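Each remark here refers to the structure printed beneath this line.
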Amino acid sequence: MNAGAVIEVIVILCMLVGTAATILSSIGVIRLPDVYTRAHATTKATTLGLLFILLGTFIYFLFTHEKVSVRLILGIIFVYLTAPVAGHMATRSAHRSRVALADISVCDDLQRDLDLEQQDQEPGKARV
Amino acid sequence: MFEYIMYSFLFILTISLVIAIYRIFKRSSTTSDRVLLIDSISYIIIAMVAILSIIMDTEAYLDAILLIGILGFLSTIALARFIERGVVIERRRGD
């Protein structure tokens, strides 16, 4: 087994983990009941899968072309930084625009805190 | 062998893309659902471009990864802010 075959096996393993995470997140998109749980599926699993796939691509180009691809490093860092922010913004806008939770949900702490804040801001009442 | 395995990964990613597009056009999904799914579609397309650049053995497609990533992030942020307050860019700060 020469060096090229070892690199190919490592790349295939990275790609396998990434693809499995992506298809599992798609199954979650179909099966989960409301927006917040679906956001859990799409943002976490797709980000993990994409990072593994980009890592596999980086390893491939590093060892077969012997080139350090700066664009791939930039892409990995950018996705790693921005994907959680995008998921958080989308979910927060869903909660602010009053998308209902699923029937089986048991608690909504953000709504409780928002209600408390609104009570504090009512006129005639000193803010603490 | 290596190439066929890469093609099979591409096929699985295509299935995942089709599922996301189906969920966008489903009648019962809300607008926030669609924003999240557009985000995840952009990530799936980035993954497909990366695998395609391995199959074709070229580095020319790696610019597209950065471009699609930035466009997907900005469009998600803009759509989320639009749903939240009805404006994308706030002109006046404060109360």
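First check a/c for chain B, with a ≥ b ≥ c the square roots of the eigenvalues of its C-alpha gyration tensor; if it is under 1.5, answer rounded, and if not, answer prolate when a/b is larger than b/c or oblate otherwise. Oblate, because a/c is 1.5 or more while a/b does not exceed b/c. List the relative contact order of chain A as a percent without decimals, with contacts defined as Cα pairs under 8 Å and 6+ residues apart. RCO, chain A: 25 percent.
Separation of the stretch A:70-120 and the stretch A:1-67, taken as the distance between their Cα centroids, equals 24 angstrom. For a quick check, take a GNM of chain A with Cα springs below 10 Å and name the residue from A:ARG92, A:ARG71, A:ARG38 with the largest mean-square fluctuation. Judging by the Gaussian network model, the answer is A:ARG71. Between 0 and 90 degrees, the angle of helix A:3-31 with respect to the longest Cα principal axis of chain A falls at about 30 degrees. Round to the nearest 10 and give me the degree value, 0 to 90, for the angle of helix B:2-25's Cα axis relative to the longest principal axis of chain B. Value to nearest ten degrees: 30.
Read-outs: derived from the displayed coordinates by stated rules, not from any lab. Small disclaimer: the values here were computed from a predicted structure and weren't measured.
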